[in-house]
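Here's the structure, in structure tokens; my notes come after.
What follows draws every value from the coordinates through simple rules; no lab data is involved. Small disclaimer: the values here were computed from a predicted structure and weren't measured. No Cβ is skipped: glycine too gets one built from the backbone with ideal geometry, and neighbour counts run over all protein chains shown.
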Amino acid sequence: MTAATSRAGGTRATRTRSTQLIARYLPPIIVFVLVVALWELATGGTGRRVIPPPSAIVNAASANFEVLRRAAFATVYEAFGGLLIGAVAGILVAFATARWITARNVLMPVAIASSAIPIIAIAPMMNNWFGVLSPLSKMMMAALLVFFPVLINVTRGLTEVQPAALELMRSYAASEGAVLRKLRIPNMLPFLFTALKVGATLAFIGALVGEYFGGSSSVLGFVVLSAMSGGGYDLAWAGILIGAVGAMLAYLVISVIERVAIPWHSSIGGE
């Protein structure tokens, strides 16, 4: 009887879990299918179109698969390199600004000013500094976009700890190092992952924009620019959508890492 009850409870739990998954993922899938269908109907027909139908984009991607594959790998490499550089730099500066007031007064205005510079004005300078054919110039473009959100969010996470928790640590005569390890860094991690998820999409934008200003021909930015110049809007859109998919996949990878790293945080349980 106990075994039967256990099996029945397991079956109900499985059904409940399946129902939750369906309720969570089915609506966006339906919306996606409807959007693609409406897009196809609205843009279908013959002739060259600035916004081609999805079927034409898929055909162009299939016909140029090898070109797009090489370009996608190169752009993903640049975007992830920029994400890594920008995240590390942002974390280091955030720890400095959270620890020393002098560093905060000096570095924060510089960081804010750098984030306000138009990205298209920086791209030619990066190409001159690091080389127009070097992936590092595109990585630095991406890193500039990633740096500021990481800096701001990590600084907030390190400084905006609960006063009661901080007073409790100090009442036990905890050192600054212990407060940092056991209170400030755990409080900072949700802010960091939020910044990384935002930065993952910004890194692809930075890499693609950097590619528009020169570089290797085996990158998505060059493929999109050359296709548009020749009127191949279907191929250009294929490159654009591949870049968008890459950014979304990077977002999902960071979300999975977040679930593993901080399963205790309320935002994870609420998703």
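For the pair Thr43 and Leu166, label points projected 7 Å from Cα toward Cβ lie 5.1 nm apart. Calculation over all alpha carbon pairs of the chain in 5 angstrom steps from 0 returns a P(r) of 1, 6, 9, 12, 12, 12, 12, 10, 9, 7, 5, 3, 2, 1, 0, 0 percent. Legend: P(r) of region 158-271 from all alpha carbon pair distances, 5 Å bins from 0, whole percents, reading 2, 10, 15, 14, 12, 10, 9, 8, 7, 5, 4, 3, 1, 0.
Placing +1 on the Cβ of every Lys and Arg and -1 on the Cβ of every Asp and Glu, with no other charges, gives the chain a dipole of roughly 760 debye about its Cα centre. For a Förster distance of 41 Å, can you work out the FRET efficiency between the beta-carbons of Val132 and Ser18, rounded to the nearest 0.05? Here the calculated transfer efficiency is 0.20. Take every pair of alpha-carbon atoms less than 8 Å apart whose residues are at least six positions apart; their mean separation over the length of the chain yields a relative contact order of 23 percent. The GNM of the chain, with springs linking C-alpha atoms under 10 angstrom apart, assigns the highest mean-square fluctuation among Thr102, Thr194, Thr155 to Thr102.
Would you work out which of Leu208, Leu235, Ser18 lies farthest towards the positive end of the dipole of the chain, given +1 charges on the beta-carbon of Lys and Arg and -1 on that of Asp and Glu, about the Cα centre? Value: Ser18.
Couplings 3J(HN,Hα) of region 125-134, computed from phi: 5, 4, 5, 6, 6, 9, x, 5, 8, 7 Hz, in residue order, whole Hz [Karplus 6.51 cos²θ - 1.76 cosθ + 1.60, θ = phi - 60°; x for Gly and Pro]. Working ranking of peptides 254-262, 221-229, 90-98 by packing, defined as the average number of other Cβ atoms within 10 Å per residue, highest first, is 90-98, 221-229, 254-262. Compute a Gaussian network model of the chain, connecting alpha carbons closer than 10 Å, and tell me which residue from Ala121, Ala142, Ala111 fluctuates the most. In the Gaussian network model the winner is Ala121.
When the chain is treated as a GNM with alpha-carbon contacts under 10 Å, the residue of Pro135, Pro186, Pro109 showing the greatest mean-square fluctuation is Pro109.
On full extension of the chain, what length is gained from Val31 through Val110, given 0.36 nm per residue of separation minus the C-alpha to C-alpha distance?
Working it through step by step, the gained length comes to 24.1 nm.
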